[in-house]
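Values in this text are rule-based calculations from the coordinates and carry no lab data. A quick note: this is a predicted structure, and the numbers were derived from the prediction, not measured. Note that each Cβ is placed from the backbone with ideal geometry, even for glycine, and that neighbours are counted across all protein chains shown.
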Amino acid sequence: MSKFESVDLKRFTIDPAILTQLPLELMEKNNVIPFKKEKKQLYVATNTPEDFELQSMIENITGESIKFVYAESSDIKAAILSRLKIKTIFGSLEEPDYAEFKSIHLVSERREINPIVLSNLPDIPNIPDLVDLILFHAISHHASDIHLDPGPESLFIRMRIDGVLHVFQQLPLTFMSPLISTIKVYSGMDIAETRLPQDGQISVTIIEKDDDLDKNPEIDVRVGSVSTIYGEKLTLRILDSNKMDLKLSSLGFSEKQLNTLEEIIKYPQGMLLVTGPTGSGKTTTLFAILNQIKGFATNIVTIEDPVEYRMAWLNQVEVNSSIGLTFASACRSFLRLDPDVILVGEIRDSETAQIAVQNALVGTLLLSTIHSNSAIGTIQRLTSLGLPKFWISSTLTAVLGQRLARKICQKCKTVDKPNPLMLKALGLTKTKKYYKGKGCEQCLNTGYSGRLVISELLTVSDDMRKAIEEDKKEMEITSLAKKNGFKPFIFDAGEKIKAGITSVEEICRVLKIQ
């Protein structure tokens, strides 16, 4: 140890401001702690001062010049515990149970982002500031996801805005390791594990009101990693429920569909399913429904993976497969909770389907999502999950099929001359006036701003119940549905095109019409 300086942390008083230089997760994982700063150099205590790779990573994360100083491992752990102010949990700090400390510290610190600070960054910011910049840009432009995609020559940062991926930045590969490591540290993930998929979470606050930090709402960011041939890929899902307008009337449903939905959710029992591909707004619709029916006289329980919207008057449970808490096991226990309404995040397997439908059979309103190509196709999907025909006909009240289409930007809206073949495929005439967005600064030159629902609503009538029990083919059920007023996606889409809300090209993209 002669070539490294050493420090006796038991006899050293660390300035509390210095302790904030490194994230707790990084200190916990690597058993390091900053203890002083002199001449623009941050001194970090470690029992492995020869670990130059760790030193380089910390320099990238902090943007500081780092000097490693040797300290006893037990002293470093005690100092970390002191940082957390949890001495009393362990009693004596001479030989703390570090494994127990790991079980206590599971939640990441809140990440506070100040837009004023970001506006004054140098051309090449340090890694923590770059992370803040990426998060701020995504949140301020209402992105739903951030993708960090490693390639053979560059690291691409893409953001999904209004359902479409856009390239935000292309960075040299030298940024990849420190940037990904920093995000993993912030989200409580294991930075040493680069081969196996991991999940983490960051809590972000945009500081808009300096006078009262409590008025700045927290935004939940879920982080997932996977190893690719070019390195680790990270996906950050932004769950900003604070900016969501959870009202059925504001999602874009037609007046007739809205009135029908509002009647259905008044039923004391039955099953309402929402179907559509990933990212079609199913969860938002279900929580808009719950927001309308919740109250002190209604007992609502949910099982979700993950919990995307936190809402008062709901008893929300999150799936945790590591302890055996699944959709199916939660549904099995819900009937003992005297529920009026049960929300199951997704019916994805036979066991969940059977237990969920059994809940609806005994007098509960069941809400859930399911993957199928259309509202009518959901009946066959339920059958393929092994549900008896009688159960389906007895419980299924309605199926809402939906997609999300981008709305034309009102700042750059202009007259469009769509392809005649597209008009023909949508059943629209050439004589009608159509619109599109030509692109402007406000809509990031996409021509679109915001999204709305394109939907079809199937209500299950008595004659349809009989047809389901008799195992009639989908064509016959479709014919019955149309007689009862069912309108497919293409009808709702056409109405919104004619109203100038969205474009012909966008609807063809969403409905995959060539």
| task | Taking the Cα centre of the range 266-406 as origin, work out the dipole magnitude from +1 charges on Lys and Arg Cβ and -1 charges on Asp and Glu Cβ, in debye rounded to 20. | result | 360
| note | For the chain, the dipole about the Cα centre with charges only on Cβ (Lys and Arg +1, Asp and Glu -1), to the nearest 20 debye, works out at 2420
| query | Cross-link partners among lysines for K39, C-alpha distance below 18 Å, same-chain residues fewer than 8 apart left out? | reply | K67
| field | Binned Cα-Cα distances of the range 245-381, short to long, each 5 Å bin given as a whole percent | value | 2, 10, 21, 25, 23, 14, 5, 1, 0
| task | Go through K282/K389; K282/K424; K436/K498; K37/K184; K3/K40 and tell me which ones have a Cα-Cα distance over 19 Å in this structure. | result | K282/K389; K282/K424; K37/K184; K3/K40
| task | Can you spot the aspartates and glutamates whose alpha carbon is less than 12 Å from K294's alpha carbon? Ignore those fewer than 8 places along the same chain. | result | D340
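Of all the Cα-Cα pairs you can form in the chain, what percent are over 42 Å apart? If you can, show how the numbers build up before the last one.
Values: 42323 of 131841 pairs.
For the chain, the fraction of Cα-Cα distances above 42 Å is 32 percent.
Once every DSSP H run of n ≥ 4 in the chain is given -39500 (n - 2.57) and the sum is divided by its residues, what mean residue ellipticity at 222 nm do you get, rounded to the nearest 500 deg cm²/dmol?
Rounded to the nearest 500, it is -9500 deg cm²/dmol.
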| query | For the chain, what are the DSSP H helices with axial Cα length of 18 Å or more and mean Kyte-Doolittle hydropathy of at least 0.0? | reply | 127-140
